[in-house]
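The next block holds one structure in the form of structure tokens; read it before the comments.
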Amino acid sequence: QVQLVESGGGLVQAGGSLRLSCAVSGSIFRSNVMGWYRQAPGKQCDLVADITGGGTTNYADYVKGRFTISRDNSKNTVDLQMNNLKPEDTAVYYCWLAVATRNYWGQGTQVFVSS
């Protein structure tokens, strides 16, 4: 059974940084995509960034230049380094894993950015 566990959320002032981490347990293949979504109150859940097993990354326009996604295939982890955070980055952040036709999600971690 595949499980995703996030950590690293919290409260930070605007301009600050946070690092989110996600550990994946269970049997997965390297040929997958891992990433982060977020959902702000009253808004839909949107992709923040993703990364393939080969290291190709993709970012939402509103985080380019501020967020960096990385993964460690040997440890089955994916991290999201978030710099220069803005109040509009406040949301619940979800770790995501796609393997073939299946999607897996973490429980979410709250990020709150104060102005």
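I want to verify a result. In a Gaussian network model of the chain, Cα cutoff 10 Å, which of these has the top mean-square fluctuation: 60, 23, 91?
Evaluated over the chain, the most mobile residue of the options is 60.
At 7 Å along Cα-to-Cβ for each site, give me the label-to-label distance between residue 7 and residue 58 in nm.
It is 2.9 nm.
On a full-extension model of 0.36 nm per residue, what is the gain between residue 43 and residue 107, subtracting their alpha-carbon distance, rounded to one decimal in nm?
21.3 nm
Please report, in debye to the nearest 20, how large the charge dipole of the stretch 39-115 is about its Cα centre when each Lys and Arg carries +1 at its beta carbon and each Asp and Glu carries -1 there.
Around 80 debye, computed over the stretch 39-115.
Near residue 43, which lysines are there with a Cα under 30 Å away, not counting those fewer than 8 places off in the same chain?
Partners within reach: 64, 86.
Evaluate the relative contact order of the chain (contact order divided by residue number), counting alpha-carbon pairs under 8 angstrom at least 6 apart; express in whole percent.
Reported as a whole number, the value is 36 percent.
At residue 19 and residue 115, where each label point lies 7 Å from the Cα along Cα→Cβ, what is the point-to-point distance in nanometres?
Here the answer is 3.0 nm between the modelled labels.
At a 10 angstrom cut-off on C-beta neighbours, averaged per residue, how do the peptides 102-109, 41-48, 11-18 rank from highest to lowest?
For the peptides 102-109, 41-48, 11-18, the packing ranking is 102-109, 11-18, 41-48.
Using the heavy atoms of the protein chains and a 1.4 angstrom probe, tell me the accessible area per residue for the chain in square angstrom.
Value returned for the chain: 53 Å² of accessible area per residue.
With just the Cα atoms of the stretch 1-88, tell me how far they stretch along each of the three principal axes, in Å, largest first.
That works out to 37, 24, 23 Å along the principal axes.
The values are calculated or read from the model by the stated rules, or taken from the named source; none is laboratory data. From a predicted model like this one, the values you see are computed outputs, not experimental measurements. In this analysis, Cβ positions are derived from the backbone assuming ideal geometry, glycine residues included, and neighbour counts consider all displayed protein chains. Note: areas computed on protein heavy atoms with side chains; ligands, DNA, RNA excluded. Shrake-Rupley method; radii C 1.70, N 1.55, O 1.52, S 1.80 Å.
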